[in-house]
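Here is the structure we will look at.
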Amino acid sequence: MMTGFSRRHFLALAGSAPLVGAFPFFARAQTPPDIAAPAATHGIAIYGDLKYPAGFPHFDFVRPDAPKGGDLRLATIGSFDSLNPFIYLGDPAVAAAAIYDTLTVQSPDEPFSEYGLLAEAITVGPDRAYVEFALRPEARFHDGTPVTAADAVFSLNVLRDKGAPFYGAYYANVAKAETSGDHLVRFTFGTGGNRELPLILGQLPVLPAHWWEGRDFGRPSLDVPPGSGAYRIGAVEPGRGITIERLPDYWGRDLNVNRGRDNFDRIRYDYYRDETALFEAFKAGAVDVRQERVARLWATAYDFPAVRDGRVKKLELPDNTPAGMQAYVINTRRPKFQDRRVRQAIGLCFDFEWSNKALFFDAYTRNDSYFANSEMAATGLPEGDELALLEPFRDRLPGEVFTEVFELPVSDGSGRDRRLLLKARDLLREAGYRVVDKKLVDETGEQLSIEFLLFDVTFDRITDPFVQNLQFLGIAAGVRSVDQSAYINRLNDFDFDMVVGSFPQSLSPGNEQRDFWGSAAADAKGSRNLIGVKDPVVDALIDEVIFAESRQALVTACRALDRVLSWGFYVVPHWYVAVTRIAAWDRFGRPDTAPEYGTGFPDTWWFDPEKAAKAGG
């Protein structure tokens with residue numbers, strides 16, 4: 001039993017492998033007498049050593065004595081009708097997940113390292129065959145109920161069984177979850193060697209099992225659950241806004257991993273119907289901070305009095321994380337898109353160079369990799385270890401994978417590059433299409449049609465020229481704009497031809513790749529395999545990523561996966577920028593040192609009353 005077992009006592013025992021002797025549930029026979037039992041630690045890293053030693057006072061990217069207080073007012077587009085962010089039904093409120101602590105907290109100072117939050121000690125078994133978390137006895141849900149190992153087991157099971165399909169893919173290799181007493185939980189893996197999986201379990205949000213008794217986890221709800229984090233849900237106005245409130249008596253407020261963080265008393269999220277209304281609210285001071293994702297607005301729209309007199313600051317914060325892939329996604333479940341030549345032809349009709357010049361003020365770089373802005377992006381021709389990894393699949397891959405360097409087309413910037421459109425026409429001819437009465441039709445006489453499903457008006461001006469080029473080839477192309485709820489429902493049902501999709505990547509890709517392009521996710525409604533990729537070669541390369549035994553093996557596997565996906569022409573890539581653009585009313589303080597991978601907002605910022613008075617807020 002762990003009840004009453006002090007943290008100091010537990011850590012003292014950790015140096016002499018306590019988990020085998022102290023807790024009879026995990027029998028000593030699991031570790032042969034001539035092999036030392038694995039030691040409990042304060043954190044885990046996927047590769048290499050931890051940056052922060054046991055007992056470190058605080059993270060380097062915080063101001064440990066940051067003042068607490070004040071409000072932060074943020075905004076988003078759309079609506080919400082649920083406080084359950086873990087299922088694919090409904091539109092969850094943007095802050096609904098912020099109330100839950102996880103077993104560990106990730107350090108944005110390192111590629112992929114985690115330190116104990118709900119867990120005070122972590123033990124990883126030989127060959128990463130299991131991971132154990134010793135929970136802090138003092139951890140409490142907001143209703144005062146202790147957080148227990150049983151809650152952790154419940155959370156894993158309910159997320160995997162009733163949560164969004166993502167969780168089934170993410171936890172696919174967890175074979176068993178067991179408790180020993182109230183505060184020790186072990187997750188045993190079906191296959192050893194998955195270096196990421198112990199850290200993935202560390203990210204598990206621990207949900208209150210007692211609260212969910214008699215409730216249907218799989219249905220949207222506006223009932224307010226008790227979390228265990230620094231914030232609880234306060235005022236809720238369905239579809240209009242939600243406020244989360246900091247708990248002064250939060251159980252973990254003095255932990256080293258929390259010092260200098262969670263500084264606002266209240267964070268309010270207001271919902272707006274469109275970007276224009278949101279931007280006007282920001283200009284009026286009703287919204288404090290805005291992350292700007294439209295290059296045109298960043299270049300032209302911030303010429304208003306509060307910017308000119310310094311009350312609003314424009315910040316461009318470096319972003320060292322992989323850009324991932326944002327793109328127009330082609331739904332290969334549709335028979336008309338199953339020919340790779342058709343997909344390649346569609347991509348040739350998008351003129352990025354014109355868009356960048358005419359619409360984006362030359363602010364962007366083309367997104368030419370699923371792991372853009374990282375060492376994991378494929379370059380040149382495959383060679384060495386990457387070639388050896390791909391070689392067994394040679395007869396199942398396009399020949400270009402081995403013989404040509406993948407490069408996206410570069411247009412003349414005219415908006416209608418005749419050379420690229422003629423190449424697209426030739427590819428469509430090879431695929432069996434011909435032009436009849438200015439319509440591109442297949443052998444049955446049916447015209448090729450493409451509907452772009454959008455809900456964000458920002459993309460209208462970008463998509464319209466793309467549509468015009470497709471129409472020039474005789475394709476019946478058009479845009480269908482719907483509201484957010486309809487969009488989400490159609491996305492979850494894969495009821496679309498093409499959409500704007502995003503596949504974010506971390507510094508250590510792993511199990512989430514199954515949900516992005518794994519065969520099992522292709523038919524799981526609500527999964528992130530929007531493309532519908534069903535390829536045994538891709539599945540095998542995903543496993544190579546997940547079970548990579550070293551950083552170099554991970555990089556090699558990611559490059560091979562990137563290369564195969566790229567030559568599949570599953571998407572029409574967009575663009576990225578290697579900074580985060582933030583406009584903020586000058587009412588806040590922030591640490592002098594930013595984390596290596598991220599901005600620190602809003603986690604490490606704080607409200608400054610003196611600045612707020614000068615800024616008028």
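All of the numbers you see were taken from the coordinates with simple rules; none came from a lab. Only a predicted model underlies this, so the values are computations on that prediction, with no experimental measurement involved. Here the Cβ is made from the backbone with ideal geometry for all residues, glycine too, and neighbour counts use every protein chain on show.
Each residue of region 208-222 was assigned a 3J(HN,Hα) from its phi angle through the Karplus expression (A = 6.51, B = -1.76, C = 1.60, θ = phi - 60°), giving x, 4, 5, 6, 7, 4, x, 10, 8, 5, x, 10, x, 7, 9 Hz with x at Gly and Pro.
When every alpha-carbon pair in region 334-388 is counted, what percent end up more than 19 Å apart? That fraction is 57 percent.
Once the chain from A277 to D254 is taken as fully extended at 0.36 nm per residue, the excess over their C-alpha distance is 4.3 nm. The loop-placed trypsin sites (Lys or Arg not before Pro) in region 135-230, going by DSSP, that have at most 16 neighbouring Cβ atoms within 10 Å of their Cβ come out as R215.
Expressed in Å, the radius of gyration and Dmax of the Cα atoms of region 126-165 are 13.0, 39.
Determine one quarter of the surface area of the Cα convex hull of the chain, which equals its mean projected area, and express it in nm² to one decimal. Don't jump to the answer; show the numbers that get you there.
Values: hull surface 115.7 nm².
The orientation-averaged projected area of the Cα hull of the chain comes to 28.9 nm².
For region 133-158, the residues whose backbone nitrogen is under 16 Å from a point 7 Å from the Cα of Q203, taken along Cα to Cβ, are 156. At R0 = 41 Å, how high is the FRET efficiency between E237 and V579 if r is their beta carbon distance? Nearest 0.05 is fine. Efficiency computed from Cβ-Cβ geometry: 0.75.
What the Cβ-Cβ distance of D442 and K525 gives, at R0 = 30 Å and to the nearest 0.05, is a FRET efficiency of 0.55. For region 325-576, averaging the sequence separation of C-alpha pairs within contact (under 8 Å, six or more residues apart) and dividing by the residue count gives a relative contact order of 34 percent. Coupling constants for region 554-570 follow from the phi torsions by the Karplus curve (6.51 cos²θ - 1.76 cosθ + 1.60, θ = phi - 60°), and in residue order they are 5, 4, 4, 5, 5, 5, 5, 5, 4, 5, 5, 5, 4, 6, x, 6, 7 Hz; glycine and proline get x.
Counting 0.36 nm for each residue step from R434 to S449 and taking away their Cα separation leaves a gain of 4.0 nm.
A convex hull fitted around the alpha carbon atoms of region 325-576 yields 129 Å³ per residue.
With each label modelled as a point 7 angstrom along the Cα→C-beta vector, the R293-W212 pair spans 2.9 nm. Scanning residues 5 or more positions from G324 or on other chains, those with amide H under 5 Å from its amide H are A372, Q505, with H placed 1.01 Å from N in the peptide plane. Its relative contact order, with pairs defined as Cα atoms under 8 Å and 6+ residues apart, puts the chain at 20 percent. Over 16 Å apart: what share of the alpha carbon pairs of region 362-434 falls there, rounded to a whole percent? The calculated P(r) of region 362-434 puts 68 percent of pairs beyond 16 Å.
Using only Cα atoms, find the angle between the long axis of helix 460-472 and the longest principal axis of the chain, and express it within 0 to 90 degrees, rounded to the nearest 10. Taking Cα atoms only, the helix is inclined about 40 degrees.
Please work out the Cα convex hull volume for region 402-470 and give it in Å³ per residue. Provide the component values of the computation, followed by the final result.
Values: hull volume 10.8 nm³, N = 69.
Here the figure is 156 Å³ per residue.
Bridging of K525 to lysines at a Cα separation below 29 Å is possible for K162, K176, K336, K534, once same-chain residues fewer than 8 apart are set aside. Using C-alpha pairs under 8 Å with a sequence gap of at least 6, the mean separation divided by the residue count of region 318-468 gives a relative contact order of 31 percent.
Assign unit charges at the C-beta atoms only (+1 for Lys and Arg, -1 for Asp and Glu), then state the dipole size of the chain relative to its Cα centre in Debye, rounded to the nearest 20. Walk me through the numbers on the way to the answer.
Values: 68 positive and 85 negative charges, 168 e Å.
So the magnitude is around 800 debye.
Sparse packing (at most 11 other Cβ atoms within 10 Å of the Cβ) combined with a DSSP loop state is found for the following trypsin sites (Lys or Arg not before Pro) in region 352-461: K438.
Using alpha carbons only, what's the Rg to Rh ratio of region 42-119 with Rh from Kirkwood?
Details: Rg = 16.7 Å, Rh = 15.7 Å.
That ratio is 1.06, to two decimals.
Taking amide H atoms as placed 1.01 Å from N in the peptide plane, the amide H of A40 lies under 5 Å from those of A17, each 5 or more residues away in sequence or on another chain. If you line up the long axis of helix 418-430 against the longest principal axis of the chain, both from Cα atoms, how many degrees apart are they, to the nearest 10? Approximately 90 degrees, to the nearest 10. Checking every one of the GluC sites (Glu not before Pro) in region 323-423 against DSSP loop status and a limit of 14 other Cβ atoms within 10 Å picks out E375, E383, E404, E407.
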